[in-house]
Amino acid sequence: MLVLGIDTSCDDTSVAIYDARERRLLSEKVSSRMELHARYGGVVPEIAARQHLELLLPMIESVHEEAGVAPDPETINLIAATRGPGLIGGLLVGLGCAKALSLGWGVPYVGVNHLDGHLVSAILTNDMLPYPHIALIVSGGHSEIYKANSPTEYFLLGETRDDAAGELLDKVGRLLGLPFPAGEIIDGWALEADPEEPPQKFPRPLLNRDVLEFSFSGLKTACLYFMRSEEAKKYSRESIGAEVLRAAVDCLLGKAFLACRTQSIDTLVISGGVASSRYLHREAGKRAVKEGFNVTFPDPNHCTDNASMIALAGWYRFEKSGPDDYDLDCDASLMVSTG
Amino acid sequence: MTEGLSNISRSEHETLEIGKRIGDACTGGECISLVGPLGSGKSVLTRGIARGLGIKGTVRSPSFNLMREYSGRLILKHWDLYRLEGGFRELGLLESVDNESVVVIEWAERWDELESFSTGIIYLDYGD
């Protein structure tokens, strides 16, 4: 059972071939890892869509080559492409390509929710992932907590009121004069900083309130006002950046473990781009031991956007409800699957 | 910048109230550009506008998805050009303006042509 996965929801083009029966990834390509283009601060949606269009077919050929299988209906059993959420231009390219290949090859296809992909991404490295579990998605566009009943059934428990955690790090990064994306650099600062001596204490919005919500906009504003103050001149940008990440991680873990306690579920799975933060790993590990929970992450390559998780989520969807019709549309603001 | 009204907000709450008054006054077809640095209150002002339009629930940052839509007395279309470097005409932003909607654009200064399409421009900055 080989699944061809396609993800074109954001800036990266990604294609993968996943063996769903053997639970084995045969090959995977992500455009940003191929150094085809330098990353820059902004995105031009039309150019991104055109880039997906140019890269997609050659990348599909190359994952077949790498997997050692022929690109035809004899080998590929299912095509899975992201249909939302994301930037509409890219989504149209990916889903359109999946439909065309499906028609041409006579192979079924499914449109996949990108968030469902993140929510199963940890299974790529740990196929014994227990259900139900609490799932935290943290990325540039999302900061959400779910109760995951199965790989196709999720219940939203809480989310951010304003900005996503990854957006906070990128915006603070810009204030600190860092290139985009800033997360990795700030992560390094937080790992090296001495936690015993915080230079200043930023607020942990909503942390002490009994709600499953985040508010990272308030944290961004606090950081901004601190940086405009006389006091800030005494501190390095490394120590300011580190404290912002510490505050964000306190909020993320505080609320995720609160969800575990209130739902009486002892496994927490953290996915999405920010889940590749080594500081978040270290803190999550420490607190999990202290509070008696298990914490699991996808491997770092599958925290950021990738087509392997789309192939896997697509397979689960196909097993449950069969192929999609060709009149399925993209949906830029799709919500997760509730079963 | 010399014409028009000027408002001083001393708190997030006051910014929210100013936004609410703007939302109250909207009748549909407005295209409001917000111009101002990070943390100057654009999102809070937009949340106020949403309240004025009778929209309940949270108004989250559209930075990632570029646009989020909310239904109230009128439809609020909340755009954010923060992540963009170009290609503005192809976004569908201008096409999103209609009589049933209020379009609010954060980081409007990224697109220099937007001024001529806006029914109102709000400049935000910090006081001392």
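The values are calculated or read from the model by the stated rules, or taken from the named source; none is laboratory data. As the structure is a computational prediction, the values presented were derived from the model and not from experiment. Methodologically, a virtual Cβ is constructed for each residue, glycine included, from the backbone with ideal geometry; neighbour enumeration extends over all protein chains shown.
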**OP:** Would you mind finding the one in A:VAL336, A:VAL249, A:VAL269, A:VAL289 that is assigned to a strand (DSSP E or B) and more than 14 Å from chain B (Cβ to nearest Cβ)?
**Re:** A:VAL269
Original post:
Taking segment B:39-79 only, how many residues are at the interface with another protein chain (Cβ under 8 Å from one of its Cβ atoms), among the basic types (Lys, Arg) and in a loop (DSSP other than H, G, I, E, B)?
Top reply: 1
Original post:
Among the listed residues A:ASP127, A:ASP170, A:ASP163, which satisfies the condition of being out of contact with any helix residue (DSSP H, G or I) (no Cβ under 6 Å at 6 or more places or on another chain), of a type outside the set (Phe, Trp, Tyr) and within 14 Å of chain B (Cβ to nearest Cβ)?
Top reply: A:ASP170
**OP:** Could you tell me which numbered condition A:ASP327 fails, if it satisfies all but one of (1) over 26 Å from A:ARG204 (Cα atoms); (2) assigned to a helix (DSSP H, G or I)?
**Re:** (2)
Original post:
So, of the residues in segment B:95-128 that are in contact (Cβ under 8 Å) with a residue 24 or more places away in the chain and in a helix (DSSP H, G or I), which turns out to be surrounded by the fewest Cβ atoms within 10 Å (Cβ to Cβ)?
Top reply: B:GLU115
Original post:
Of all the residues that make up segment B:80-117, how many are within 12 Å of another protein chain (Cβ to nearest Cβ) and under 23 Å from A:THR8 (Cβ atoms)?
Top reply: 14
Original post:
In segment A:219-230, how many are touching a residue at least 40 places away in the same chain (Cβ under 8 Å), surrounded by fewer than 20 Cβ atoms within 10 Å (Cβ to Cβ) and more than 8 Å from every other protein chain (Cβ to nearest Cβ)?
Top reply: 1
**OP:** Six or more apart or on different chains, Cβ under 7 Å: which pairs go from a residue in segment A:280-299 that's modelled with pLDDT of 95 or more to one that's assigned to a helix (DSSP H, G or I) and loosely packed, with under 13 Cβ neighbours inside 10 Å? Could you list them?
**Re:** A:VAL295/A:GLY285
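Residues are listed down the side, and each one gets a yes or a no for (1) modelled with pLDDT of 90 or more; (2) outside the structural domain of A:ALA284 (by TED's automatic domain parsing); (3) surrounded by 15 or more Cβ atoms within 10 Å (Cβ to Cβ); (4) assigned to a strand (DSSP E or B):
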position	(1), (2), (3), (4)
A:LEU157	yes, no, yes, yes
A:ASP163	yes, no, yes, no
A:GLY177	yes, no, no, no
A:PRO181	no, no, yes, no
A:GLU196	no, no, no, no
A:PHE202	yes, no, yes, no
A:ASN208	yes, no, no, no
**OP:** Looking only at segment A:278-300, count how many residues are over 18 Å from A:PRO132 (Cβ atoms) and polar (S, T, N, Q).
**Re:** 0
Original post:
If the Cβ limit is 8 Å and pairs must be 6+ apart or interchain, which residue in segment B:35-60 that is under 15 Å from B:ALA25 (Cβ atoms) pairs with which residue that is part of a helix (DSSP H, G or I) and of a type in the set (Asp, Glu)?
Top reply: B:GLY48/B:GLU17; B:GLY52/B:ASP24
Subject >> Residue check for A:PRO132: surrounded by fewer than 20 Cβ atoms within 10 Å (Cβ to Cβ), touching a residue at least 40 places away in the same chain (Cβ under 8 Å) and not aliphatic (A, V, I, L, M) >> reply: yes
